[in-house]
1. Would it be correct to say that T186 is surrounded by fewer than 17 Cβ atoms within 10 Å (Cβ to Cβ), under 30 Å from S138 (Cα atoms) and touching a helix residue (DSSP H, G or I) at 6+ places or on another chain (Cβ under 8 Å)?
2. Give just the number: which of (1) modelled with pLDDT under 70; (2) loosely packed, with under 10 Cβ neighbours inside 10 Å does R56 not satisfy?
3. Going by what's in this entry, would T245 be described as polar (S, T, N, Q), surrounded by fewer than 16 Cβ atoms within 10 Å (Cβ to Cβ) and either part of a helix (DSSP H, G or I) or touching a residue at least 12 places away in the same chain (Cβ under 8 Å) (or both)?
4. Looking at (1) free of Cβ contacts under 8 Å to residues at least 24 places away in the same chain; (2) in the same structural domain as L206 (by TED's automatic domain parsing); (3) of a type in the set (S, T, N, Q), can you tell me which one T273 breaks?
5. Residue by residue through segment 1-21, note down the ones that are in a helix (DSSP H, G or I) and at pLDDT below 70.
6. What residue, of A231, A252, A210, is buried (at least 17 other Cβ atoms within 10 Å of the Cβ), more than 60 Å from the chain's Cα centre (by Cα) and either assigned to a helix (DSSP H, G or I) or not β-branched (V, I, T) (or both)?
7. Evaluate the following for C222: is it outside any helix (DSSP H, G or I) and either in contact with a helix residue (DSSP H, G or I) (Cβ under 7 Å, 6 or more places away or on another chain) or modelled with pLDDT under 80 (or both)?
8. Provide a single number: the residues in segment 117-150 that are closer than 17 Å to I191 by Cα and among the charged types (D, E, K, R).
Amino acid sequence: SNEASGVPAQTSNPLSRKLNKILETRLDNDKEMLEALKALSTFFVENSLRTRRNLRGDIERRSLAINEEFVSIFKEVKEELESINEDVQAMSSCCQDMTSRLQAAKEQTQDLIVKTTKLQAESQRLEIRAQVADAFLSKFQLTSDEMGLLRGTREGPITEDFFKALGRVKRIHNDVKVLLRTNQQTAGLEIMEQMALLQETAYERLYRWAQSECRTLTQESCDISPVLTQAMEALQDRPVLYKYTLDEFGTARRSTVVRGFIDALTRGGPGGTPRPIEMHSHDPLRYVGDMLAWLHQATASEK
């Protein structure tokens with residue numbers, strides 16, 4: 001009965017259960033236990049009553065020291081992380097600032113592009129207007145050289161270029177009528193008036209020159225220059241001036257013919273050949289015949 005009562009007493013004893021559990025444990029399969037025992041062996045070097053009693057305190061103190069060391073190490077890590085975080089924040093702030101500046105630069109660039117596009121369009125419009133103005137002036141205005149030719153001076157010569165400029169004035173005066181059928185009537189009238197004044201100035205100058213040239217035609221052999229012929233043709237557009245020029249020409253040639261006729265009557269030809277017509281005045285038939293012959297020859301020459 002004592003043996004029977006002793007077995008349950010041992011199994012119900014907590015200390016016995018713990019011992020049995022420890023004894024039944026296979027240490028080679030419990031890696032955590034092995035690691036713990038290895039760690040314990042590093043500072044538990046003397047197995048005595050004092051060291052066994054202080055084991056718990058030693059473990060707690062060592063654990064506290066390890067935790068303190070861990071805290072110290074992690075404090076440094078924390079400080080490094082905080083420093084890194086500050087750097088990251090600074091970089092983030094810098095990036096935001098750069099982003100803002102880039103956005104502002106982009107907006108300014110966009111605005112500059114818009115302004116540049118507008119300026120280019122305006123430049124193209126001005127260039128087109130300048131080309132139109134140049135074409136307009138080229139068609140409806142004389143050059144300074146052409147105006148100088150038409151106005152000239154009283155003693156200045158008349159050349160082929162004068163008639164080219166005069167012809168251009170006529171064309172402009174005729175072409176400008178197109179403007180009178182548009183909304184540019186004022187400009188058309190001003191140009192027409194300007195060309196009319198230039199024509200009058202040019203014809204007056206041409207008349208004065210032709211008149212002067214006709215007065216020099218006092219030689220028996222009348223060689224009219226091509227320029228004078230062209231002047232006579234141009235003056236037909238002004239009948240009054242043309243008539244005055246013909247009168248001047250007729251006066252000059254009449255004086256020349258009369259003088260030549262008187263010389264033929266009284267002096268004869270160059271060097272006395274033929275003899276003066278007056279030498280045959282005693283023979284009326286020959287006298288009149290010689291006069292008529294001379295007049296016939298002079299008339300043919302004048303034609």
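1. No.
2. The single condition R56 does not satisfy is (1).
3. When the stated conditions are applied, T245 does not pass them.
4. (2)
5. N2, E3, A4, S5, G6, V7, P8, A9, Q10, T11, S12
6. It is A252.
7. On the way: outside any helix (DSSP H, G or I): yes; either in contact with a helix residue (DSSP H, G or I) (Cβ under 7 Å, 6 or more places away or on another chain) or modelled with pLDDT under 80 (or both): yes.
It is true that C222 is outside any helix (DSSP H, G or I) and either in contact with a helix residue (DSSP H, G or I) (Cβ under 7 Å, 6 or more places away or on another chain) or modelled with pLDDT under 80 (or both).
8. Residues of segment 117-150 closer than 17 Å to I191 by Cα: 132-144, 146-147, 150.
This time we only want the ones that are among the charged types (D, E, K, R), so: 134, 139, 146.
Number satisfying all stated conditions: 3.
The values are calculated or read from the model by the stated rules, or taken from the named source; none is laboratory data. Only a predicted model underlies this, so the values are computations on that prediction, with no experimental measurement involved. Neighbour counts run over all protein chains shown; Cβ positions are idealised from the backbone, glycine included.
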